[in-house]
1. In the stretch B:34-66, what residues are in a loop (DSSP other than H, G, I, E, B), facing chain A (nearest Cβ under 10 Å) and of a type outside the set (Ser, Thr, Tyr)?
2. How many of the residues in the stretch B:86-100 are in a loop (DSSP other than H, G, I, E, B) and crowded, with 24+ Cβ neighbours inside 10 Å?
3. Got a sec? Which strands (runs of 3 or more DSSP E) wholly within the stretch A:25-114 have at least 3 residues that are touching a Phe, Trp or Tyr at 6+ places or on another chain (Cβ under 7 Å) and on the phi < 0 side of the Ramachandran plot?
4. Look at the stretch B:87-113 and say how many of its residues are more than 14 Å from chain A (Cβ to nearest Cβ) and either closer than 24 Å to A:TYR36 by Cα or aromatic (Phe, Trp, Tyr) (or both).
5. If A:THR72 satisfies every condition in (1) free of Cβ contacts under 8 Å to residues at least 24 places away in the same chain; (2) open to solvent by 50 Å² or more (accessible area, probe 1.4 Å); (3) of a type in the set (S, T, N, Q) but one, which is the exception?
6. Just wondering, is there one or more residues in the stretch A:6-21 that are at the interface with another protein chain (Cβ under 10 Å from one of its Cβ atoms) and either under 30 Å from B:ALA30 (Cβ atoms) or in a strand (DSSP E or B) (or both)?
7. Just to verify a result, which residue in the stretch A:50-64, among those that are touching a Ser or Thr at 6+ places or on another chain (Cβ under 7 Å) and within 12 Å of chain B (Cβ to nearest Cβ), is nearest to A:THR77 (Cα to Cα)?
8. Consider B:PHE103 carefully, then state whether it is touching a residue at least 24 places away in the same chain (Cβ under 8 Å), open to solvent by 50 Å² or more (accessible area, probe 1.4 Å) and more than 12 Å from B:GLN36 (Cα to Cα).
Amino acid sequence: AQSVTQLDSHVSVSEGTPVLLRCNYSSSYSPSLFWYVQHPNKGLQLLLKYTSAATLVKGINGFEAEFKKSETSFHLTKPSAHMSDAAEYFCVVSRNQAGTALIFGKGTTLSVSS
Amino acid sequence: EAGVAQSPRYKIIEKRQSVAFWCNPISGHATLYWYQQILGQGPKLLIQFQNNGVVDDSQLPKDRFSAERLKGVDSTLKIQPAKLEDSAVYLCASRQGRNTEAFFGQGTRLTVV
């Protein structure tokens with residue numbers, strides 16, 4: 001079975017400060033891991049993905065995440081927050097096999113203040 | 001390339017009525033998912049198709065929900081009869097294969113009154 005836990009339901013940062021959104025996963029198999037972002041009234045957009053290649057993954061808009069197998073974590077970071085980063089972020093796990101489902105975390109709401 | 005298309009974008013119905021949602025995935029994507037996203041929660045998988053076969057429908061309330069994927073392309077999700085708790089955004093996504101991401105449509109926002 002697979003599951004994902006997003007450790008913070010809400011994170012607040014000031015513009016220009018670092019962002020850290022935490023995600024732990026559980027998987028009996030070699031996982032694929034993703035971070036998606038959802039802006040209000042918009043569709044889900046992929047930020048980045050890990051699929052058993054490099055453990056440090058760079059995504060769009062300056063975001064990156066590091067896969068740490070020993071800690072079963074896949075935390076999302078950004079060095080400097082921008083107002084436009086305010087959104088809902090979802091950590092997603094999937095088995096590294098064709099035809100498997102994407103299991104979503106409950107989401108983390110990121111607020112950015114000026 | 002064209003994205004995942006869903007229609008309608010919004011639907012308001014009364015409880016006990018029926019409703020259907022349509023999804024056209026990205027061409028060539030074998031895997032198609034339907035998710036339910038209740039306000040303030042993460043998307044929950046309802047059903048997954050691989051081509052035109054069902055892979056996982058364990059969380060689909062089969063007494064009221066049904067889905068099909070004709071010829072392994074378009075898909076429809078139906079609710080009959082609807083309940084108040086079915087109010088949610090219904091997301092369709094498609095995926096090419098392993099090690100790839102899923103692409104999501106804009107969703108259908110259903111309000112049951």
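1. B:GLY40, B:GLN41, B:GLY42, B:PRO43, B:ASN51, B:GLN59
2. Matching residues across the stretch B:86-100 total 0.
3. The qualifying strands (runs of 3 or more DSSP E) are A:31-38, A:44-50, A:73-78, A:87-95.
4. 2
5. Result: A:THR72 passes all but (1).
6. Within the stretch A:6-21 (the criterion being at the interface with another protein chain (Cβ under 10 Å from one of its Cβ atoms) and either under 30 Å from B:ALA30 (Cβ atoms) or in a strand (DSSP E or B) (or both)), the answer is yes, since at least one residue qualifies.
7. This residue is A:TYR50.
8. Yes: the conditions hold for B:PHE103.
The values are calculated or read from the model by the stated rules, or taken from the named source; none is laboratory data. Worth saying up front: this structure is predicted, and the values here are computed from it rather than measured. Here the Cβ is made from the backbone with ideal geometry for all residues, glycine too, and neighbour counts use every protein chain on show. Heads up: the accessible areas ignore ligands, DNA and RNA and are worked out on the full protein's heavy atoms, side chains in. Shrake-Rupley method; radii C 1.70, N 1.55, O 1.52, S 1.80 Å.
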